[in-house]
Amino acid sequence: MKRKVISRVKLSSKVIILGIWLLFMVFPLYWMILTSLKPKNDIFKFPLEYLPERISFENYANIFAISKFHVYIGNSLLVSLLSALIVIIISILSSYVLARFTFRGSRQIMSGFFLTQMIPMFIGFGPLYSIMSQLNLLNKQGSLVLMYSVLLIPFCTLMLKGFFQRIPSSLEEAAMIDGCSRLGGLIRIILPVMKPGISATFIFAFVQNWNELFLAIMFIDREEAKTIPVAMNSFITKFDIDWGAMSAATVLSVIPTMILFALCQRLIVQGLTDGAVKG
């Protein structure tokens with residue numbers, strides 16, 4: 001009897017703590033959506049309204065009226081997807097080599113990758129700007145794709161190397177005995193088993209590119225080349241912040257990321273199932 005009471009108390013405590021934590025995490029998102037749906041005059045209304053009396057979509061209409069927000073969304077999608085694809089392709093090949101082969105300099109390469117994660121990015125902004133200026137890559141989306149890819153390849157290689165090391169090399173050796181080349185074994189045998197790791201790495205790279213602000217602000221000043229974080233930063237002026245437009249833009253910017261997470265979640269489950277069958 002005493003054990004049952006203790007067990008119920010523990011279970012109730014966990015539910016209460018998790019419930020409070022859920023509210024703590026969800027409330028900022030709820031408040032952001034709420035602010036985006038309030039008319040401008042109601043945003044600073046006091047006492048605060050946790051359920052709006054009036055719902056208005058004027059903030060969503062305004063961000064498309066006062067800015068080229070549809071262009072910014074397209075730019076962010078283009079830059080994020082392209083750089084994430086480049087990162088994932090190069091990282092798969094480099095991590096496969098580092099996981100499967102031992103050669104002179106491999107440890108130094110790994111140490112170099114770890115070292116790049118310890119150096120603050122800001123100290124390289126000056127030389128990077130000078131190089132991009134000499135290459136005539138300022139105010140071009142290609143410069144963002146290039147920089148995002150270079151910055152993320154070391155970390156994504158480290159991530160994927162761990163996934164490769166968990167897959168026994170006997171799988172590809174069996175494929176090679178059956179006449180498959182090494183590259184064919186990688187593509188046909190290993191990559192399907194690697195779907196969970198590849199999906200997680202792709203999501204990581206995409207979200208990092210999607211949310212990146214500092215490089216985009218520094219290297220992009222042309223209106224037609226701006227990405228969403230740069231455009232949202234323009235809603236902050238010297239004396240005021242357009243909270244309605246900022247909230248509406250944030251809600252819209254979250255939607256592609258949520259869709260990608262939903263799609264990749266399905267891919268992760270499918271990859272785990274395929275790997276289990278083939279194993």
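Taking region 187-198 as the region of interest, how many residues are open to solvent by less than 10 Å² (accessible area, probe 1.4 Å) and under 25 Å from Leu151 (Cβ atoms)? Break it down stepwise before answering.
Initially, region 187-198 is screened for residues open to solvent by less than 10 Å² (accessible area, probe 1.4 Å), giving 190, 194, 197.
Adding the requirement that they be under 25 Å from Leu151 (Cβ atoms) leaves 194, 197.
The total comes to 2.
Go through Phe239, Phe219 for me and flag whichever is more than 24 Å from Leu260 (Cα to Cα) and open to solvent by less than 20 Å² (accessible area, probe 1.4 Å).
Values: Phe239 fails: open to solvent by less than 20 Å² (accessible area, probe 1.4 Å).
Every option except Phe219 fails the conditions.
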Residues of region 43-63 being of a type outside the set (Ser, Thr, Tyr) and either closer than 15 Å to Ile241 by Cα or open to solvent by 100 Å² or more (accessible area, probe 1.4 Å) (or both), which ones? Ile43, Phe44, Phe46, Leu51, Glu53, Arg54, Ile55, Phe57, Asn59, Asn62, Ile63
If I ask for residues that are closer than 23 Å to Leu183 by Cβ, surrounded by fewer than 16 Cβ atoms within 10 Å (Cβ to Cβ) and aromatic (Phe, Trp, Tyr), which ones from region 94-133 would you list? Phe101, Phe103
Criterion violated by Ile6 - all others in (1) surrounded by 13 or more Cβ atoms within 10 Å (Cβ to Cβ); (2) of a type in the set (Val, Ile, Thr); (3) free of Cβ contacts under 8 Å to residues at least 24 places away in the same chain satisfied: (1)
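Name the residues in region 117-133 that are touching a helix residue (DSSP H, G or I) at 6+ places or on another chain (Cβ under 8 Å) and closer than 20 Å to Ala216 by Cβ, would you?
First pass over region 117-133, keeping only residues touching a helix residue (DSSP H, G or I) at 6+ places or on another chain (Cβ under 8 Å): 117, 121-122, 125, 128-129, 132.
Met121, Phe122, Phe125, Leu128, Tyr129, Met132, listed by residue number.
Taking the criterion of being closer than 25 Å to Met246 by Cβ, among the aromatic types (Phe, Trp, Tyr) and in contact with a helix residue (DSSP H, G or I) (Cβ under 8 Å, 6 or more places away or on another chain), would at least one residue in region 89-104 satisfy it? Don't jump to the end; show me each part of the working.
Taking region 89-104 as the starting set, the residues that turn out to be closer than 25 Å to Met246 by Cβ are none.
Taking every residue of region 89-104 in turn, none turns out to be closer than 25 Å to Met246 by Cβ, among the aromatic types (Phe, Trp, Tyr) and in contact with a helix residue (DSSP H, G or I) (Cβ under 8 Å, 6 or more places away or on another chain).
Results for (1) modelled with pLDDT of 90 or more; (2) closer than 30 Å to Ile241 by Cα; (3) touching a strand residue (DSSP E or B) at 6+ places or on another chain (Cβ under 6 Å), shown as yes or no for each residue.
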site: Ala65; (1), (2), (3): no, yes, no
site: Val71; (1), (2), (3): yes, yes, no
site: Pro120; (1), (2), (3): no, yes, no
site: Ile131; (1), (2), (3): no, no, no
site: Leu138; (1), (2), (3): no, yes, no
site: Glu173; (1), (2), (3): no, no, no
Name, by its number, the condition in (1) in contact with a Phe, Trp or Tyr (Cβ under 6 Å, 6 or more places away or on another chain); (2) among the aliphatic types (A, V, I, L, M); (3) modelled with pLDDT under 90 that does not hold for Ile6. (1)
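Quick one: which of Ala225, Ala205 is open to solvent by less than 70 Å² (accessible area, probe 1.4 Å), over 23 Å from Tyr96 (Cα atoms) and out of contact with any Ser or Thr (no Cβ under 6 Å at 6 or more places or on another chain)?
On the way: Ala205 fails: over 23 Å from Tyr96 (Cα atoms).
None of the other options fit; the residue is Ala225.
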Condition first: touching a helix residue (DSSP H, G or I) at 6+ places or on another chain (Cβ under 9 Å) and closer than 12 Å to Ser91 by Cα. Can you find one or more residues in region 134-149 that meet it? yes
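Name the residue that is farthest from Ser67 (Cα to Cα), counting only residues in region 249-279 that are of a type in the set (S, T, N, Q) and either open to solvent by less than 50 Å² (accessible area, probe 1.4 Å) or at pLDDT below 60 (or both).
Initially, region 249-279 is screened for residues of a type in the set (S, T, N, Q), giving 250, 253, 257, 265, 270, 273.
Filter again for either open to solvent by less than 50 Å² (accessible area, probe 1.4 Å) or at pLDDT below 60 (or both), leaving 250, 253, 257, 270, 273.
Working: Thr250: 14, Ser253: 15, Thr257: 22, Gln270: 40, Thr273: 45 Å.
Ranking the candidates gives Thr273 first.
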Of all residues in region 159-177, which are more than 13 Å from Val97 (Cβ to Cβ), out of contact with any Lys or Arg (no Cβ under 9 Å at 6 or more places or on another chain), open to solvent by less than 90 Å² (accessible area, probe 1.4 Å) and part of a helix (DSSP H, G or I)? Met159, Gly162, Phe163, Ser170, Ala174
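Only one residue in Ser67, Ser91 is open to solvent by less than 30 Å² (accessible area, probe 1.4 Å) and farther than 22 Å from Pro154 by Cα. Which one? Let's see the steps before the verdict.
On the way: Ser91 fails: farther than 22 Å from Pro154 by Cα.
Sole residue among the options that is open to solvent by less than 30 Å² (accessible area, probe 1.4 Å) and farther than 22 Å from Pro154 by Cα: Ser67.
The values are calculated or read from the model by the stated rules, or taken from the named source; none is laboratory data. A quick note: this is a predicted structure, and the numbers were derived from the prediction, not measured. A quick note on method: Cβ atoms are made from the backbone with ideal geometry, for glycine too, and the neighbour counts reach across all protein chains shown. Accessible surface is based on the protein model in full, side chains and every heavy atom, while ligands, DNA and RNA are left aside. Shrake-Rupley method; radii C 1.70, N 1.55, O 1.52, S 1.80 Å.
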